[in-house]
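Everything on this sheet refers to the single structure shown next.
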Amino acid sequence: MSRIGKRPVAIPGGVNADINGSTLVVKGPKGTLSMGLSDDIAYKIEDGGISVLPANDSKRARAFWGMQRTLVSNLVEGVSEGFTKTLEITGVGYRAQAQGKKLRLQLGYSHDVELDVPEGVEVKTPDQTTVEISGIDKQQVGQFAAEIREWRKPEPYKGKGIKYRGEYIFRKEGKKK
């Protein structure tokens, strides 16, 4: 039994959910998101919430149950509040600058790294060492944050690199004489 799947997803005010064939469409103040529905899971839009239940007793249905409920919850949260990831850049000369639909990073390479910001994602740089990525699709926001972090992961000796806000970097002691 899925503990997560048992609870229905609450629909806040200003958010509408509809099932069109095999697609769940959620509309809210921030935009519209849709998701393909699995055949092994039954979805019901009831008063003030979306219930997600396994359609049969197969192992696949029980395995998908909690994940599908979480995906529905992410759609509702995305169109009502949105998602944000914050990256912090540490290192001498390391900096970031958002320029329209491009993000320019200076990470100690011989060249600047320019990344195209995907559609549906917004990037802000409040200062040179902070990058805020926001959008309504949790997967897109997390994927773009991971692509930025991949350019210079934090290293364990000095802690230089790009890390998520609140991430703990395991530090190692350097060489001893």
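Figures for the structure shown
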{"item": "Members of region 63-111 that are among the hydroxyl-bearing types (Ser, Thr, Tyr) and either closer than 18 Å to LYS138 by Cβ or in contact (Cβ under 8 Å) with a residue 60 or more places away in the chain (or both)", "result": "THR70, SER73, SER80, THR84, THR86, THR90, TYR94"}
{"item": "So GLY161, is it within 30 Å of THR70 (Cα to Cα), of a type in the set (Gly, Ala, Ser) and under 21 Å from the mean Cα position of the chain (by Cα)", "result": "no"}
{"item": "Residue within region 75-83 that is over 29 Å from GLU147 (Cα atoms), modelled with pLDDT of 90 or more and buried (at least 16 other Cβ atoms within 10 Å of the Cβ) present", "result": "no"}
{"item": "Filter result (more than 14 Å from the chain's Cα centre (by Cα), closer than 30 Å to VAL72 by Cα, of a type in the set (Val, Ile, Thr) and not in a loop (DSSP other than H, G, I, E, B)) within region 99-151", "result": "VAL131"}
{"item": "When residues of region 140-177 are limited to those that are small (Gly, Ala, Ser) and surrounded by 11 or more Cβ atoms within 10 Å (Cβ to Cβ), the one farthest from PRO118 (Cα to Cα)", "result": "GLY159"}
{"item": "Count of residues meeting criterion [under 15 Å from SER73 (Cα atoms) and in contact with a strand residue (DSSP E or B) (Cβ under 9 Å, 6 or more places away or on another chain)] in region 43-59", "result": "9"}
{"item": "Qualifying residue in region 152-163 (condition: free of Cβ contacts under 8 Å to residues at least 60 places away in the same chain and in contact with a Pro (Cβ under 8 Å, 6 or more places away or on another chain))", "result": "no"}
{"item": "Subset of region 26-62 [among the acidic types (Asp, Glu), exposed (fewer than 15 other Cβ atoms within 10 Å of the Cβ) and not in a strand (DSSP E or B)]", "result": "ASP39, ASP47, ASP57"}
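Listed here are the residues, each with its yes/no results for (1) of a type in the set (S, T, N, Q); (2) in contact with a helix residue (DSSP H, G or I) (Cβ under 6 Å, 6 or more places away or on another chain).
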{"site": "VAL123", "(1), (2)": "no, no"}
{"site": "ILE133", "(1), (2)": "no, yes"}
{"site": "ILE136", "(1), (2)": "no, yes"}
{"site": "GLN140", "(1), (2)": "yes, no"}
{"site": "LYS158", "(1), (2)": "no, no"}
{"site": "LYS163", "(1), (2)": "no, no"}
{"site": "ILE169", "(1), (2)": "no, no"}
{"site": "LYS175", "(1), (2)": "no, no"}
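The values are calculated or read from the model by the stated rules, or taken from the named source; none is laboratory data. These figures come from a predicted structure and were not determined experimentally. Don't worry about glycine lacking a Cβ; one is built from the backbone with ideal geometry, like all the others, and counts go over all protein chains shown.
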